[in-house]
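> The following block contains the structure, expressed as structure tokens.
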Amino acid sequence: MLRSLGQRPVAGGDEDLKVAGLRTAVSRLRRELAAHPAEFPDRAIAEDELAALAAMTIDGTPEIPLLRRSLLLIAGAIGSVSALAPALSEVRSAVDLFGEPPRR
């Protein structure tokens, strides 16, 4: 199914499901943000980071530190917009499936 969408499989079936879940969650939040009528100061930041997350899902397994950084910026940018909270929570859950970044 993923190949029919022009996406490459990643080593290990779990990774494919995680990436697909993240892609779906990001897509939903992007749609809801685009449809949200209110303007707020950090909307452009949220849109840019969502685009970055979407791009990360195209290349296979995203880097965990970059995922977490984007999630933090998105949450900071739209965290007070309650109408977007369910979709933001979905993105957070999808990012959490990738685990914690390695400790240095």
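> Using the basic label-point model (7 angstrom from Cα toward the beta carbon), what is the R103 to A51 distance in nanometres?
Result: 3.8 nm between the two label points.
> Between A75 and D59, what length in nm is gained on full extension when 0.36 nm per residue of separation is reduced by their alpha carbon distance?
Roughly 3.4 nm would be gained on extension.
> Let me ask you something else. Express in nm, to one decimal, how much length is gained between R28 and R43 on full extension, taking 0.36 nm for each residue of separation and deducting their alpha carbon distance.
Extra length from R28 to R43 when fully extended: 3.8 nm.
> Averaged per residue, what accessible surface does the stretch 20-104 expose to a 1.4 Å probe, in Å²? Walk me through the numbers before you get to the answer.
Working: 4880 Å² over 85 residues.
Here the residues of the stretch 20-104 average 57 Å² of exposed surface.
The values are calculated or read from the model by the stated rules, or taken from the named source; none is laboratory data. Computed from a predicted structure; not experimentally measured. So basically every Cβ, Gly included, is an ideal-geometry build from the backbone, and we count neighbours across all protein chains shown. Side chains included, ligands, DNA and RNA excluded: accessible areas come from the protein's heavy atoms. Shrake-Rupley method; radii C 1.70, N 1.55, O 1.52, S 1.80 Å.
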